[in-house]
Amino acid sequence: MSLVNNIKKSIWAENAVFRLLLGLCPALAVTTSAENGLGMGLATTFVLVCSNIVVSSLRKVIPPKVRIPSFIVVIASFVTIVQLCMEAYFYDLHKALGIFIPLIVVNCLILGRAEAFASKNKLLPAVVDGVGMGIGFTLALFVLGAVRELFGSGTLLGYSVFGEGFQPLLLMILPPGAFIAMGLLLAGMNLFDARKK
Amino acid sequence: MNSIPRLVLVLTLITAGAGLVLSLVESVTREPIAEQRRQEMLRALQAVLPPADNSPDEDTVELVVGQDKRGRDVMRKFFRGRKDGQLSGLAFKVVAPDGYSGNIDVMVGIDPSGTVVGIEILSHNETPGLGDKIAFPEYKKTFAGKNLDNADWRVKKDGGEFDQITGATISPRAVVGAVRKGLEFYRDNKAEVIADSQGGTQ
């Protein structure tokens, strides 16, 4: 039961992007469309779960003094695996996400979870934590991407929503739009939580 | 416990393991990645070349177009499309270094006389919604049928006849300039490019 609660918690109350404000660089940079957000979120989730598994299983072997370099090697390896596989089998997504895939290595969300959670917990909770955080991150990127795509290009997942007459709000696709959409979504979440209390 | 040899050993084992896994993944994905890149190249070639029945990416000529800052030769590859053994068209890549943000890579397809059949934007970083319209089909179409004799290779704002894009003059200007230079290079080196042997420089 507590495992399910953990997942729920990391999706809303401790959402990586909207609550912990971790991993904002990719969250702001690649979310020009819902599809990009989803792809980036899933790639990050994969790396997060895999690195949590390895870090948690090696937590008794890795001496504290070299834990950060060890974590980074593990994370960087999984990122490279994702990058190679994506280029081989999802070439279009690879082109869209471009340089942001290698940058998953420096996504502080992943190192943060390895350091704060996986290196101190057993395998199962570490996997659950990775899955939960990953889902939360993916959802956040998807929503951010969907909002920006909807207003910035008038489409959702590539399908036209508003019809021909819609004049896209270009700002939303450009970098400032990321900050504006992010701020509005954060405000919305805070408002929702405040109402509930 | 935390003696130096132990730290070294653990870190070495972890990096060795990572290296092993990565080399395995690399060997599995090497072929598909090469194939994907080739397919992309072929798609671009098909888009800009007149109908051909050979593999243009295997029938190529490379010529020196100039020197880079360090004095090394910069090569340009010409892809040759053939129909029934006859040369039907050529394609080559030009780089517009003066885009609004970074280089714009353009694949240009011409018929043997030097008239543009089509262009394809391979990669660019122009502003979404403004400069990136250079990659739209309506824009790319404006190049078809143009050659050095029948067109003034400047954007309208500079007195030429190529459309600029509202709010973005720099990107089209860069593309038009790069294509023009490419055509001029072809005109000046035509004999070598269409020669049947793999002549020129290797």
* Structure fact -> Sorted by accessible surface (1.4 Å probe, heavy atoms of the protein chains only), largest first, A:Phe142, A:Phe179, A:Phe137 come out as A:Phe179, A:Phe142, A:Phe137
* To do: Count the DSSP beta bridges whose two residues both fall in the protein assembly as shown, then state the antiparallel fraction as a percent rounded to the nearest 5.
  => 95 percent
* Report the one residue of A:Asn107, A:Trp12, A:Thr32 whose Cα lies farthest in the direction of the positive end of the charge dipole of the protein assembly as shown (charges on C-beta: Lys and Arg +1, Asp and Glu -1; origin at the Cα centre). => A:Trp12
* Rounded to the nearest 10 degrees, what's the angle between the helix B:4-48 long axis and the longest principal axis of chain B, both from Cα atoms, 0 to 90? => 20 degrees
* So, in nm, how far is label A:Leu3 from label A:Met189 when the simple model puts each one 7 Å beyond its Cα toward the Cβ? -> 2.5 nm
* Estimated 222 nm signal from helices in chain A, with DSSP H stretches of n ≥ 4 weighted -39500 (n - 2.57), rounded to 500 -> -22500 deg cm²/dmol
* **log₁₀ of I(q)/I(0) at q = 0.16, 0.21, 0.22, 0.23 Å⁻¹ - the range B:52-112, Debye sum with one point per alpha carbon** => -0.61, -0.87, -0.91, -0.95
* Asked: Can you give the average number of partner chain beta-carbon atoms within 10 Å of each beta-carbon in peptide A:74-85, as a whole number?
  -> 4
* Asked: B:Ser123's amide H: which non-local residues (gap 5+, or another chain) put their own amide H closer than 5 Å, with H modeled 1.01 Å from N in plane and none for Pro or chain starts?
  -> B:Asp105
* Cα-centre dipole for the protein assembly as shown with unit charges at Cβ (Lys and Arg positive, Asp and Glu negative), debye to 20 -> 1940 debye
* Asked: So how much accessible area does B:Leu148 have, in Å² to the nearest 10, using a 1.4 Å probe?
  -> 40 Å²
* Please state the equivalent ellipsoid semi-axes for chain B: what are the square roots of 5 times the Cα gyration tensor eigenvalues, largest first, in whole Å? -> 40, 24, 17
* For q = 0.10, 0.12 Å⁻¹, what log10 I(q)/I(0) does the protein assembly as shown give under the Debye formula with an equal point scatterer on each alpha carbon and no solvent? -> -0.84, -1.04
* To do: Using Cα pairs closer than 8 Å and at least 6 residues apart in sequence, work out the relative contact order for chain A, in percent.
  => 35 percent
* Asked: Which of the listed residues, B:Ser101, B:Tyr139, B:Thr166, is farthest toward the dipole's positive end in chain B, when Lys, Arg count +1 and Asp, Glu count -1 at the beta-carbon?
  -> B:Ser101
* Mean separation of Cα contacts under 8 Å, 6 or more apart, over the residue count of the range B:48-194: relative contact order % -> 19 percent
* Excluding ligands, DNA and RNA, what is the solvent-accessible area per residue of the range B:94-188 at a probe of 1.4 Å, expressed in Å²? -> 45 Å²
* To do: Using a 1.4 Å probe and ignoring any ligands, DNA or RNA, find the accessible area of B:Val28 and quote it in Å² to the nearest 10.
  => 90 Å²
* To do: Please get the size of the charge dipole for the range B:48-194, origin at its Cα centre, with Cβ charges of +1 on Lys and Arg and -1 on Asp and Glu, quoted in debye to the nearest 20.
  => 320 debye
* Asked: Excluding ligands, DNA and RNA, what is the solvent-accessible area per residue of the range A:16-73 at a probe of 1.4 Å, expressed in Å²?
  -> 37 Å²
* Largest to smallest accessible area among B:Arg154, A:Arg59, A:Arg195 [probe 1.4 Å] -> A:Arg195, B:Arg154, A:Arg59
* Structure fact -> For A:Glu115, the accessible surface traced by a 1.4 Å probe with all protein chains present amounts, in square angstrom to the nearest 10, to 50 Å²
* Structure fact -> In degrees, nearest 10, the alpha-carbon axis of helix A:67-89 is tilted away from the dominant principal axis of the alpha carbons of chain A by 50 degrees
* Solvent-accessible surface ranking, highest first, for A:Tyr91, A:Tyr159, B:Tyr100 at 1.4 angstrom -> A:Tyr159, B:Tyr100, A:Tyr91
* Magnitude of the Cβ-charge dipole of chain A, K/R +1 and D/E -1, about the Cα centre, nearest 20 debye? -> 1000 debye
* To do: Could you look at chain B and say what percent of its accessible area is carbon and sulfur, using a 1.4 Å probe and all protein chains?
  => 53 percent
* MRE, 222 nm, helices only [DSSP H, n ≥ 4, -39500 (n - 2.57), over chain B, to nearest 500] -> -13000 deg cm²/dmol
* Structure fact -> Between the residues A:Val131, A:Val147, A:Ala178, the Cα farthest towards the positive end of the dipole of chain A, that dipole coming from +1 and -1 charges on the beta-carbon of Lys, Arg, Asp and Glu, is from A:Val131
* Which of A:Lys8/A:Lys196; A:Lys9/A:Lys120; B:Lys83/B:Lys181; A:Lys95/B:Lys93; B:Lys141/B:Lys190; B:Lys77/B:Lys156 have a Cα-Cα distance over 21 Å? -> B:Lys83/B:Lys181; B:Lys141/B:Lys190; B:Lys77/B:Lys156
* To do: Could you tell me the convex hull volume per residue, in Å³, taken over the Cα atoms of the range A:2-196?
  => 126 Å³
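The values are calculated or read from the model by the stated rules, or taken from the named source; none is laboratory data. Nothing here was measured: the structure is a model prediction, and the numbers come from that model. Ideal geometry is used to build each Cβ from the backbone, glycine not excepted, and the neighbour counts take in all protein chains shown. Please note that ligands, DNA and RNA were not included when accessible areas were found on the heavy atoms of the full protein model with its side chains. Shrake-Rupley method; radii C 1.70, N 1.55, O 1.52, S 1.80 Å.
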